[in-house]
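For reference, the structure is listed below as structure tokens.
The values are calculated or read from the model by the stated rules, or taken from the named source; none is laboratory data. Keep in mind the model is a prediction, meaning the values are calculated, not measured. Methodologically, a virtual Cβ is constructed for each residue, glycine included, from the backbone with ideal geometry; neighbour enumeration extends over all protein chains shown. Heavy atoms of the whole protein, side chains included, go into the accessibility calculation; ligands, DNA and RNA do not. Shrake-Rupley method; radii C 1.70, N 1.55, O 1.52, S 1.80 Å.
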Amino acid sequence: MAKHTTKKQTKPVGSKPNSKQSVQKPVEKKIELKFKFNMQNLGKWLLVVFALFFFIVLFVSPVNDEAPLSKVLQDIQNKKVNSLSVEGDVITAIYKDETQVLTRKEPLDTAVAILQDAGIKPTAVELTIKNQSGLKTLGSILELLLPVILTAVIFFFIFRQMRGAQDSVFSFGKNKAKVFMKGKQNIRFKDVGGVDEVKQELEEIVDFLKHPKKYQQLGAKTPKGVLLVGPAGTGKTLLARAVAGEAGVPFLSMAGSEFMEMLVGVGASRVRDLFETAKKASPAIIFIDEIDAIGRQRGTSLTGGHDEREQTLNQILVEMDGFTPRDNVIVLAATNRGDLLDNALLRPGRFDRRVYLDLPDIEGRQNILHIHAQGKPFVKDIKWNMVARRTVGFSGADLENMLNEAAINAARANRKEINYGDIEEAATKVKLGPQKRRLQSDEEKRMTAYHEAGHAVCAFYMKYTDPVHRVSIISRSMTLGQTEVPPERDKYQETRSELLDKAVMLLGGRAAEELEFKEMTGGASSDIEQVTKIARAMVVDYGMSALGPINLSSQSEQINYRRGTVIQSDLSEAMQSQVDTQMKKIVDEAYQRALKTLKGHKSKLDAVAAKLIEKETLEREDFEAIMKKKTV
């Protein structure tokens, strides 16, 4: 049986608003690209025209049959011809029966002279002469110039390709930053929610750039760098875009991976070019996204060499340390792995400020929901404070994705407004994945129902466990059922009693299987994994066991980055044995408490399982109604 999920899992992702990003590139680059595009089309059309011209000249010939000139003159004498049309060296004879016959004359002879030599009066037949001197002249000119033009076009394309290859080689060292000029970035601080303290820090940076004299009069220097650190999806890149929109100064954005290239020294060259460009546009902001791609600690390479990444990092250190107070250029950087950055990069004088972003609290989530709810039609009775409480642990990107999924769900149902049910389903989908209708036997469905009922009943009777929000045996992702027990408030620490009660709730599914079926399934593997992590943290990290307040995690496995080897734990066998004993003791006690709780409330367990088999999903109200109902 697949794994069961009983604990809220958060998958933070990037957070972006609904507004569109406007990227302003240098005008010279746009003109150059347009010129190349037009020249390529011109060359193609010239080649097509030349090919058609040669085809017409060389292969196209008259389709009408020709007659000897003597026969046409004889027919004129016999008065069978009504008129003659002369076009160059071609004579068209139009007979009285309206048939046409073609014949040819010598280039130097004229039609009148030919008739007189044959003893025919020119007035005996109607004569029409078409002048083609202009076409002959044009043909002669084309005949002379066409080879020259064709040769020039061929050489032009050859030289341009050679020049393009040369430019591409020398352009490796140029930076590839996206440039946002003043007024070309429509994101503002009001479009970012849940990070009020961080916005206050960045508003000071914007004020530095707008009013530098105010700070210089007091001897204050502009911060050289600001590092944004936080989990993915908390809005680091979005905040940088808001700074670009608020500051009204050139904003050069570049990802850390864009510095790296196959050629040695290219990363350092791009760093120099980026900072030189920013200094020329001062005041300006440089934004380096995912700086951990190039800013990791030096000397951690498994090869032990001075690789390209370290050269790039060294150049960044030099450029940031070489700033003068009058440069008025600030470097913004973002990463979700601040622990991997080199210490020289983090010291004051380079990144003077480190701003930490965390998952939003209930007030921050409510602000984010209001921002992303704009432009979407919701029913009037939506209580956003309840939605904010429901989404503890969600990042800004999770909330945006949740509202988008809610809109999709409403559109799929052909409704014009989004209701709370859509939001609830979207929140579950973001956290656990979409529903999957798996074909299960009645016995498997019954096992799943008792497993989830065991989680829910144990959670209900545990003193320090949050209320059960939903119980379901509908498959999602890799799980056959879910018992959702989201925290009702933001928690920044957990007590020993709360951790023990959580362990009991997690083992309630396995205990219900043993109690009802005298059997065990593999569906509890995820629960066992989470309980083991809790027990290990209590013993090793939190000092919540008989071993006392001793932090044993620092002596667990460590990686020697310089040599690329793994150092095994240097704990003594006796101490390691005691750690294992304490962990097992915590898990065993939690399991026995779960069995005792379910045995004492077996009727409630049966009632919840039966209702799950019937309805598949129980909301909080339905579940609590069963638990509070008096049994006969």
Worksheet item: What about Ala524, is it under 28 Å from Ile362 (Cα atoms) and open to solvent by less than 50 Å² (accessible area, probe 1.4 Å)?
Response: no
Discussion item. I need a count of the residues in segment 200-225 that are within 18 Å of Val331 (Cβ to Cβ) and open to solvent by less than 100 Å² (accessible area, probe 1.4 Å).
Written reply: 16
Discussion item. Can you find a residue that is more than 29 Å from the chain's Cα centre (by Cα), modelled with pLDDT under 80 and buried (at least 20 other Cβ atoms within 10 Å of the Cβ) anywhere in segment 322-344?
Written reply: yes
Fill in: Candidates Leu127, Leu115, Leu102, Leu138, filtered to the one that is closer than 30 Å to Val72 by Cβ, modelled with pLDDT under 75 and not hydroxyl-bearing (Ser, Thr, Tyr)
Leu138
Discussion item. Suppose the filter is open to solvent by 10 Å² or more (accessible area, probe 1.4 Å), assigned to a helix (DSSP H, G or I) and farther than 26 Å from Ile205 by Cβ; does Asn367 pass it?
Written reply: no
Worksheet item: When you go through (1) at pLDDT below 80; (2) in contact with a strand residue (DSSP E or B) (Cβ under 8 Å, 6 or more places away or on another chain) one by one for Val266, which number turns out not to apply?
Response: (2)
Worksheet item: For the subset of segment 459-504 comprising residues that are touching a strand residue (DSSP E or B) at 6+ places or on another chain (Cβ under 8 Å) and hydrophobic (A, V, I, L, M, F, W, C), which member is surrounded by the fewest Cβ atoms within 10 Å (Cβ to Cβ)?
Response: Met478
Worksheet item: Could you count how many residues in segment 573-619 are open to solvent by 80 Å² or more (accessible area, probe 1.4 Å), of a type in the set (Lys, Arg) and closer than 21 Å to Leu506 by Cα?
Response: 5
Practice prompt. Can you tell me which residue among Met505, Met478 is aliphatic (A, V, I, L, M) and modelled with pLDDT under 90?
Written response: Met478
Worksheet, complete the sentence: Given the conditions (1) open to solvent by 60 Å² or more (accessible area, probe 1.4 Å); (2) assigned to a helix (DSSP H, G or I), every one holds for Arg354 apart from (2)
Fill in: Meets criteria (in contact with a Ser or Thr (Cβ under 9 Å, 6 or more places away or on another chain) and among the aliphatic types (A, V, I, L, M)) for Ala512
no
Worksheet item: Would you call Phe208 farther than 19 Å from Leu357 by Cα and more than 28 Å from the chain's Cα centre (by Cα)?
Response: yes
Fill in: Residue check for Gly375: modelled with pLDDT under 80 and open to solvent by 10 Å² or more (accessible area, probe 1.4 Å)
no
